[in-house]
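The numbers here are math on the coordinates, done by the rules we state, and not lab data. This structure is a prediction, so every number in the text was calculated from the model and none was measured. Quick reminder, even Gly has a Cβ in these numbers, built from the backbone with ideal geometry, and neighbours come from all protein chains shown.
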Amino acid sequence: MLAVHNLEVVYEDVMLALRGASLSVPPDQIIAVLGANGAGKTSLLRAMTGLLDIHRGKIVRGHVSLDGQELDTTQAAGVVSSGVSQVMEGRRVFVEFSVEENLRVGAHTRGSSGLKEKYERIYEMFPVLADRRSARAGYLSGGEQQMLAIGRAMMAEPRYLLLDEPSLGLAPKIVEQIRDLIVTIKDAGTGVLLIEQNAAMALSIADHGYVIENGVTVMDAPAATLRSDSDIQEFYLGGTEERSLRDVKHYRRRKRWLS
Ligand SMILES: Nc1ncnc2c1ncn2[C@@H]1O[C@H](COP(=O)(O)OP(=O)(O)OP(=O)(O)O)[C@@H](O)[C@H]1O
Ligand SMILES: [Mg+2]
């Protein structure tokens, strides 16, 4: 189990981005994290994977644990070696590198043994990458780059995969492919933490979900419960996903579960 306990995070010693966030990711489930822009979702992910430092942030309270042991989140590489990989917001592939060179970067914590088998495993999971293995990553479509970013993270053979808005900016058909892929990854034995603005997509495959508002986890419930919750329907599932999330802040104050 990968877990976050009452996490508080500040940037540049002033800006409080998380004010008490807690969640758990079991090894065989997809856990969704929903929240409006600025709620603290990306900060949560950075805190879990040792990337806060780069952004001049730090954990001031609480901790992250892996199988009951506190995880050292001061070293990003150490987190990956412990079995926790991530795909950050935006598709951060190395545009000058080929698809396969990008995948290779993802395997660096595991050394170069069995590299060929690892590529094949990824190509099996992502046939679209197999067809383009020698292509420059920068020439791939947005959806293909997102798949490459996920494939690269999977090269480390993580026990847990953390995804920050993998469907952002992608056409509905591609979002469906990404969704199916996330299910495949879970079924193959990797626990998934899925941060999404696209609540309909996330809740359609998640086992459990959390809602973050203003740096605090305010809801914690099975995905089925969240799907039928009237507030979730109104703010996260109503209308187009993008619109509903942008409106959340505006209505937030009068909602009971956010008050
Ligand atoms: N490097 C940083 N320095 C200072 N403040 C930051 C930094 N990164 C994020 N913040 C602030 O922390 C808060 C949470 O931001 P965060 O990026 O975690 O939100 P988010 O939920 O991921 O939003 P979005 O949906 O827009 O990606 C915001 O108020 C943001 O301005
Ligand atoms: Mg974010």
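Quick look at the values:
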read-out	value
Range of Cα positions in the chain per principal axis (Å), largest first	54, 38, 31
For SER82, distant residues with modelled amide H under 5 Å away	none
Calculated FRET value between SER98 and LEU16, using beta carbons and R₀ = 45 Å, to 0.05	0.60
The chain, relative contact order [Cα under 8 Å, separation at least 6], %	26 percent
The range 186-205 residues near the modelled ASP28 label - backbone nitrogen below 17 Å, point 7 Å along Cα→Cβ	186-193
Order by protection proxy (mean Cβ within 10 Å, highest first), peptides 142-151, 210-219	142-151, 210-219
Per-residue [θ]222 nm for the chain (sum of -39500 (n - 2.57) over DSSP H runs n ≥ 4, rounded to 500)	-10500 deg cm²/dmol
Cα-centred dipole magnitude for the chain, charges only on beta-carbon of K, R (+1) and D, E (-1), debye, nearest 20	460 debye
Protection proxy ranking, peptides 182-195, 85-98, average beta carbon neighbours within 10 Å, highest first	182-195, 85-98
Antiparallel DSSP beta bridges within the chain, as percent of all bridges there, nearest 5	60 percent
Total lysine pairs whose alpha carbons fall under 24 Å of each other in the chain (8 or more apart, or interchain)	7
Under 15 Å, Cβ to Cβ, from ARG56 - net charge with Lys/Arg +1 and Asp/Glu -1	-1
